[in-house]
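Read through the structure below, which is laid out as structure tokens, and then see the notes.
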Amino acid sequence: MLGAKLALVVLLGQVPVADPAALVERLGSPRYTEREEAAGALERLGRQAVAALRAARDDRDPEIRTRTSALLNKIEGALLTQPTLVTLDFQDRPLPEVVKALSESTGIKLGLIPENSPTWPNRRISLREATPLPFWKAMDRLCDVAQLQFNFGTHGFPTANREAVFPLLDGGPRPAAPTSDSGPFRVSLLSLHYQRDVAFSRTGVVMPHGRAVPFPPPIPGEPSLREPRLRRSTSSSTPRSRWPQSPGSRSASTAL
């Protein structure tokens, strides 16, 4: 009966709601095609299937154990290079509720700092995107709408209950430091340092490549070589410039 329902759904062009636990059970089906279909469906689920696959690693069925192990290796390996996609669909919701929903959907613990600020519940958020966004882009959108900041240097910020969170800080416009995203990683340029030197020397002839070739010592009885040319190189030093960062910034890059 289950096979007939699935076939009917496919014929109608509809996509059934996938249940990872049920798909894991089908990994032990006596039919090879059904096992392959279940494995493919679990691989497409990706992160959503990880919990069910981990729970089945010690299953009594050797076929399920073997396929579960292979799928976990493939999915978790892919997650290392793929961004966490975040769905933003909130209409006039309290900020703490939005942050909690995003924590649950991404598996990344987000926290509002300070935790017990009375302003958080009164701040209502409307945030909607047509397609899921990578985690860092979603955080950018949330911070723009809610007037928040996040700090690369304070990941794993300990809260009052000693739980490590990704902190979202109250604040105005975020620093406009240049950033680059690739997969789950974001690199942010925090500072630049440029330096030139000034030096005057009489070391010899300056060659086109910029290096000075010393004159040979004079030979007794021979006319002395011409006076060495004065080599001059001018330079300047500029102070270190730094983009403004929110309190506690210590790092130039991060990844999730």
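The values are calculated or read from the model by the stated rules, or taken from the named source; none is laboratory data. Note that this is a predicted model, so its numbers are computed, not measured. Here the Cβ is made from the backbone with ideal geometry for all residues, glycine too, and neighbour counts use every protein chain on show.
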Please verify whether segment 42-55 includes one or more residues that are part of a loop (DSSP other than H, G, I, E, B) and either within 21 Å of the chain's Cα centre (by Cα) or outside the structural domain of Thr131 (by TED's automatic domain parsing) (or both). no
Restricting attention to segment 85-101, which residues are out of contact with any Ser or Thr (no Cβ under 9 Å at 6 or more places or on another chain), closer than 15 Å to Pro132 by Cα and not in a loop (DSSP other than H, G, I, E, B)? Asp89, Ala101
Checking His155 against (1) over 21 Å from Gly183 (Cβ atoms); (2) at pLDDT below 90, the condition it does not meet: (1)
Working only within segment 183-211, note down all residues that are modelled with pLDDT of 85 or more and of a type in the set (D, E, K, R). Arg186
Screening Ser105, Ser117 for residues that are among the small types (Gly, Ala, Ser), outside the structural domain of Tyr32 (by TED's automatic domain parsing) and assigned to a loop (DSSP other than H, G, I, E, B) leaves only Ser117
State whether the residues of segment 49-67 include one that is touching a Phe, Trp or Tyr at 6+ places or on another chain (Cβ under 8 Å) and either touching a residue at least 12 places away in the same chain (Cβ under 8 Å) or of a type in the set (Lys, Arg) (or both). no
The lone condition Val86 fails out of (1) at pLDDT 90 or above; (2) surrounded by fewer than 16 Cβ atoms within 10 Å (Cβ to Cβ); (3) within 26 Å of Ala49 (Cβ to Cβ) is (2)
Enumerate the pairs (first residue in segment 27-39 and over 20 Å from Ala55 (Cα atoms); second residue anywhere and of a type outside the set (A, V, I, L, M) and assigned to a helix (DSSP H, G or I)) with beta-carbon separation below 6 Å, excluding pairs fewer than 6 apart on the same chain, so at least 6 apart or on different chains. Glu34/Arg26
